[in-house]
Amino acid sequence: MKILLSVFFTPVVMLLTAGDVLAVIITKNIQYKQGNTILEGYLAYDDAIKVKRPGVLVVHDWTGLQSFTKKRTEQLAKLGYVAFAADIYGKGVRPKNQQESGTQATIYRQDRKLLRQRATAGLQVLQNYPLTDPKRIAAIGYCFGGGTVLELARSGANIQGVVSFHGNLDTPNPSDAKNIKSKVLVLHGADDPFVPEEQLKGFENEMRQANVDWQLISYGGAVHSFTNPEAKNDPKGALYNPIAEQRSWQAMRQFFAEIFR
């Protein structure tokens, strides 16, 4: 994997810190490759911080690397992290509707080796970025991305933690959990119809048998996509839940405080 030379700057987001020091959130589109496929990720960091800091890899939901994921990446930068949103689908592949999203997601759900390779390529960009402390890295993901960061952990990635927000928990090779080096946090909608009880129990057994340091928090009344304000009352079971969103974000922050201590 190598990073291409093309780096595109986008408008910055400005904010005041608690000490009234002007901070600037720098955002960049970064092209890189996995095999022969060109990918385009999204990087964000606080330019006021001059030292290396922990990095957070962000993996998008099934709609691809679009506005929701970019906003989350910027939020992480405001917390002081170098945040990089990986592109699993490829440059310019940005689904326009549920059918296109399903088609793309299915490619990688059916080929977990390729999924892991795409996630690893993004991780390497983050690890090699000059402002990142490569010894302090976590990965988070939403829905499709939640399942992706769990696969990244199962691949044996040398990172400190992974966080899945309403992600799928299944894997074709549960024994791969023995490769997990990181701590695992799963933030789950208790009424998510896309993660049936048998999948939940299978995941718990997988973690126990591999002696993984794991946590699973279930939010009552929450279904799929509970963190996404764009998730409307989908009869299939996807709906934004502001309370669960806030609680899950705080749980992630507490988790980071622990693993990056």
Scanning the range 159-194 for residues that are of a type in the set (A, V, I, L, M) and in a strand (DSSP E or B), which turns out nearest to G122 (Cα to Cα)?
V162
Go through (1) touching a residue at least 24 places away in the same chain (Cβ under 8 Å); (2) within 22 Å of E40 (Cα to Cα) and name the single condition I180 misses.
(2)
Within the range 84-108, track down each residue that is buried (at least 19 other Cβ atoms within 10 Å of the Cβ) and of a type in the set (D, E).
D87
Just wondering, is there one or more residues in the range 150-173 that are over 19 Å from the mean Cα position of the chain (by Cα) and in contact (Cβ under 8 Å) with a residue 24 or more places away in the chain?
yes
Among the numbered criteria (1) closer than 25 Å to K70 by Cβ; (2) modelled with pLDDT of 95 or more; (3) in contact with a helix residue (DSSP H, G or I) (Cβ under 9 Å, 6 or more places away or on another chain), which single criterion is violated by S175?
(1)
Tell me which residues, restricted to the range 121-151, are in a helix (DSSP H, G or I) and under 28 Å from G189 (Cβ atoms).
G122, L123, L126, F144, G145, G146, G147, T148, V149, L150, E151
Test M207 against the stated conditions and say whether it is surrounded by 15 or more Cβ atoms within 10 Å (Cβ to Cβ) and over 24 Å from K70 (Cβ atoms).
yes
Of the conditions (1) in a helix (DSSP H, G or I); (2) more than 22 Å from V195 (Cα to Cα), K113 clears all except one; give me its number.
(2)
Index of the failed condition, Q31 passing every other in (1) more than 25 Å from F260 (Cα to Cα); (2) part of a strand (DSSP E or B); (3) at pLDDT 70 or above; (4) out of contact with any Lys or Arg (no Cβ under 9 Å at 6 or more places or on another chain):
(4)
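The values are calculated or read from the model by the stated rules, or taken from the named source; none is laboratory data. Keep in mind it's a predicted model, so treat the numbers as computed, not measured. Methodologically, a virtual Cβ is constructed for each residue, glycine included, from the backbone with ideal geometry; neighbour enumeration extends over all protein chains shown.
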